[in-house]
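Undergrad: First, the structure itself, so that you have it in front of you.
Every number in this text was worked out from the coordinates using simple rules, so none of it is lab data. As the structure is a computational prediction, the values presented were derived from the model and not from experiment. So basically every Cβ, Gly included, is an ideal-geometry build from the backbone, and we count neighbours across all protein chains shown.
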Amino acid sequence: MKNMSEIELFAPGHRACAGCGCSLSIRHALKALGKDVIVSEATGCMEVTSSPYPETAWRVPWIHVAFENAAAVASGVSRALKALGKTNVKSVALAGDGGTADIGMQALSGAMERGEDMLYICYDNEAYMNTGIQRSGATPFGAWTTTTPVGKVKRGEDRPKKDVPAIMIAHGSPYVATASIAYPVDFEKKIKKAASIKGPTYVHVQAPCVPGWRIEGNKTIEVARLAVLTGAWVLYEAEGGKINVTFKPANRRPVAEYLKSQGRYRHLSEQDIAAIQKVVDEQCKKFGID
Amino acid sequence: MKLKHGAVITEPGNSENYETGGWRTFKPVVDASKCTGCGICWMFCPEPAIKKGKPPVYNYKYCKGCGICANECPVKAITMKGRDEK
Amino acid sequence: MKQVMDGNEAAALAAKLARVKVISAYPITPQTTVVEKLADYVSNGDLDAEFIKVESEHSAMSACIGAAATGVRTFTATSSQGLMLMSEMLYAAAGLRLPIVMTNANRSLSAPLSIWCDQQDSMAVRDSGWIQFYCENNQEILDTTLQAFKISQELLLPVMVCYDGYILSHTVEPVDCPEQTEVDAFLPKHNYPYSLDPEKPVSMGAVGVPEYYMEFRYLLQKAVRNSKSKIIEVDREFKKRFGRGYGIMEKYHSDDAEVIMLTMGSLSSSAKDLVDLLRKRGEKVGLVKLKSFRPFPNEEIVSALSHAKAVAVLEKDISLGHAGGLYLDTAASFVNIEHTPLMINFICGLGGRDVTSSQLEQAVREAKNAAETGKVGERVRWLGLQEKLVEEASG
């Protein structure tokens, strides 16, 4: 943390909720990237809260176009930079889990397949939070959202979380990493590394949402940390497809601790939690966590 | 204020014109005697409304009172006034 | 230097002569060979440009937006379904006031699927804020596309150059190609005032809150409306340098005509042939060929058509539930105008249906009949329709 830049390229006055995990992820990403970037962002929480005309929280060049095309816009930016010979400026695409896993998947896949020289950062709060907490492909199994509500017949999300980092690895990206805002030193290190590699590189940072996860505003980091300490969210990087876990929690905690810290999982039965524990155990085995 | 082509904004970071400090219910206050200057509060502030230091300096114009700083401080040097006082 | 080429080659050549820096395009019939020709140019080093082989038209326009915003000359091409897929981005490009040039090989719209020519595609996006031109032949495609780069750069408005799919895109004609040095003298170095640049950070695409959105829309409308003078100015300069000019419309024996045909695109050529034939017979028939559809030149249209007894508006499109777009805009121009001709809308050539000289003659005959009787009857009529089939289907 001693080497963490003190320059703030994301200005306060933005309209993100008090305790917003995502705005913290933007702040750290920009610290790691520095000023020589052009950010192409998708519609979403971080776009809407950072750019209410005539104000902007961005101290780097920034463009927002639509929900599904951050990767395509960033591709255009990247090629224009190449045409201009501006080799010191990095094209960075930024989107939430919605603009990445779902509506943004085509543009992202295209950019990845073409080998565009860009860095794609996905800030993952596990639902379409900007429009009021609707599920996305990244919503984990069991979570309450407004489109996977808890009722008499259906109780929360019934599909597992879409593994976007794995999809990126399958596209042959030279560097793919997962991160958490509870581990900002690790996150910034990964951003720096991803930006230094000729793209397309991908970093996926999990960031809790206060209203969406049904947590208190002061618990954002605590909850994000629990995700990692229980093995529900694994921090790793994959260089040339070779996976390296960057943090292995000693004495991995039961996932119930993580689930019970959030209101969106309040309805889960003991059987539900046991089923989730089983999946987490398999995941940890796969990554060699224990 | 002159409207520019395509709604482009040419003053970077002018969101500072909007003081989100007005959102606050509880106000974080540092007990300087306890503070070790670790910088964790600064590192985890989403605004940011904290300047790194021993003790840190708060910019109350923007602090939304989320309380992350108080929750994460390893020596419990920060209290949320209006909530944590006994 | 005169060469023979089809419309697609003419479009690709214009982009090459304009020294575009980023091309972002997706193949679709009948635009495909534009993309292929450009790929050839880049592969051979004849054009120093980045060619982004995007995975869809939506991404094609998105990447154009990113590139144009970063400050380079940008180009794409599409048709039909591709134009529809990127339509969301067309509105964004115009709203962001970016200089982008696109050629559109006019093709019909699904469903049912049709790869053949009509103008429903570009007509469907006339509201988007793009300047829209329609070309009559391959020479005009080359010239108009070159002009488009200058217009878009100087006005900060995206420009769409439309031409009939297959009829022009795949038909070989002689085209006088300007020299690179001549084009360099005509087209200034590309410059975009708000380029995304870390040395001078700007934010583009902010949230247009209700306090300001309407003003931005007003300013965009004003810009598109006022673009007419720049279009005329650039065309005048082009004529001076290259000897060919088109204006925003062309009047062909219409000044003393009693019946005037109004067309856009290659149909204008067929209509001109008919005018020549009918004039030989002593009939006072004329043609107005409209080139600039957006901005729609209300005053010029009124001035060109007002004296006629009847106007036959011929177009290859229909706004389903009402009438053809060209007819609707023309008719609207005549509201509150004292001398208004009778007008009939003729829908023709949909889905690649040949528009024959006998169909055009029928249109003129029906317009003449209206002029003589003073009655219009059916305001929207279809030419070349297989009446029996539709009767059977409807009965």
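Undergrad: For the protein assembly as shown, what's the radius of gyration and Dmax over Cα atoms, in angstrom?
TA: According to the Cα coordinates of the protein assembly as shown, Rg and Dmax are 30.4, 106 Å.
Undergrad: Can you work out the base-10 log of I(q)/I(0) for the stretch C:249-394 at q = 0.09, 0.18 1/Å, using the Debye formula on its C-alpha atoms alone?
TA: Rounded to two decimals, the profile gives -0.25, -1.02.
Undergrad: Could you pull out the GluC sites (Glu not before Pro) across the stretch C:260-355 that fall in loop regions by DSSP (anything but H, G, I, E, B) with no more than 10 other Cβ atoms inside 10 Å? Write out the running numbers ahead of the final one.
TA: On the way: sites: C:GLU283, C:GLU299, C:GLU300, C:GLU315, C:GLU338; in loops: C:GLU283, C:GLU338.
Answer by residue number: C:GLU338.
Undergrad: Hey, in the GNM for chain A with a 10 angstrom Cα cutoff, which one of A:THR220, A:THR87, A:THR139 fluctuates hardest?
TA: A:THR87
Undergrad: Considering only the protein assembly as shown, what is the antiparallel percent among its DSSP beta bridges, to the nearest 5?
TA: Values: 27 of 91 bridges.
The antiparallel fraction comes to roughly 30 percent.
Undergrad: Quick check on chain A: helices-only [θ] at 222 nm, where DSSP H runs of length 4 and up contribute -39,500 (n - 2.57) each and the sum goes over total residues. Nearest 500, please.
TA: Working: 10 runs with 99 residues, N = 290.
About -10000 deg cm²/dmol.
Undergrad: Which trypsin sites (Lys or Arg not before Pro) in the stretch C:234-302 sit in a loop by DSSP (not H, G, I, E or B) and have at most 13 other Cβ atoms within 10 Å of their own Cβ?
TA: C:ARG281
Undergrad: Give a quick list of GluC sites (Glu not before Pro) in chain B that DSSP marks as loop, anything other than H, G, I, E or B, with at most 12 other Cβ atoms within 10 Å. Numbers along the way, then the final one.
TA: Working: sites: B:GLU16, B:GLU19, B:GLU72, B:GLU85; in loops: B:GLU19, B:GLU85.
Within chain B, the qualifying GluC sites (Glu not before Pro) (loop, at most 12 other Cβ atoms within 10 Å) are B:GLU85.
Undergrad: Taking 7 Å along the Cα-to-C-beta vector as the label spot, tell me the C:LYS240-C:ARG281 distance in nanometres, rounded to one decimal.
TA: A separation of 4.4 nm, rounded to one decimal place.
Undergrad: Is the shape of the stretch C:2-242 rounded, prolate or oblate, going by the alpha carbon gyration tensor and its root eigenvalues a ≥ b ≥ c, with a/c under 1.5 for rounded and a/b larger than b/c for prolate? Please list the in-between numbers first.
TA: Values: a/c = 1.45, a/b = 1.23, b/c = 1.18.
Rounded is the answer for the stretch C:2-242, as its axis ratio a/c remains below 1.5.
Undergrad: Next question, about the same structure. Which shape class applies to chain A: rounded if a/c is under 1.5, otherwise prolate when a/b exceeds b/c and oblate if not, where a ≥ b ≥ c are the square roots of the Cα gyration tensor eigenvalues? Spell out each step's value before the answer.
TA: On the way: a/c = 1.64, a/b = 1.42, b/c = 1.15.
It is prolate, given that a/c is not under 1.5 and a/b is the larger ratio.
Undergrad: Something else about it: If the limit is 28 Å between Cα atoms, which of A:LYS31/A:LYS86; A:LYS190/B:LYS52; A:LYS198/C:LYS150; A:LYS219/B:LYS54; A:LYS35/B:LYS61; C:LYS240/C:LYS368 go over it?
TA: Values: A:LYS31/A:LYS86 21 Å; A:LYS190/B:LYS52 23 Å; A:LYS198/C:LYS150 35 Å; A:LYS219/B:LYS54 24 Å; A:LYS35/B:LYS61 25 Å; C:LYS240/C:LYS368 39 Å.
Checking Cα-Cα distances, A:LYS198/C:LYS150; C:LYS240/C:LYS368 exceed 28 Å.
Undergrad: Just the number, please: percent antiparallel of the DSSP beta bridges in chain A, rounded to the nearest 5.
TA: Values: 10 of 34 bridges.
Given both bridge residues lie in chain A, the antiparallel proportion sits at roughly 30 percent.
Undergrad: Another one. Rank C:MET214, C:MET123, C:MET249 by mean-square fluctuation in a GNM of chain C with C-alpha springs under 10 angstrom and give only the top-ranked residue.
TA: C:MET214
Undergrad: When you take every Cα atom in the stretch C:30-114, what is the radius of gyration, and what is Dmax, the widest Cα pair distance, in Å?
TA: My reading of the Cα-based Rg and Dmax gives 13.3, 41 Å.
Undergrad: Just to check I understand the Karplus step: with θ = phi - 60° and J = 6.51 cos²θ - 1.76 cosθ + 1.60, what whole-Hz values come out for the stretch A:19-26, glycine and proline as x?
TA: Going residue by residue, I get x, 4, x, 5, 5, 5, 5, 5 Hz, with x marking Gly and Pro.
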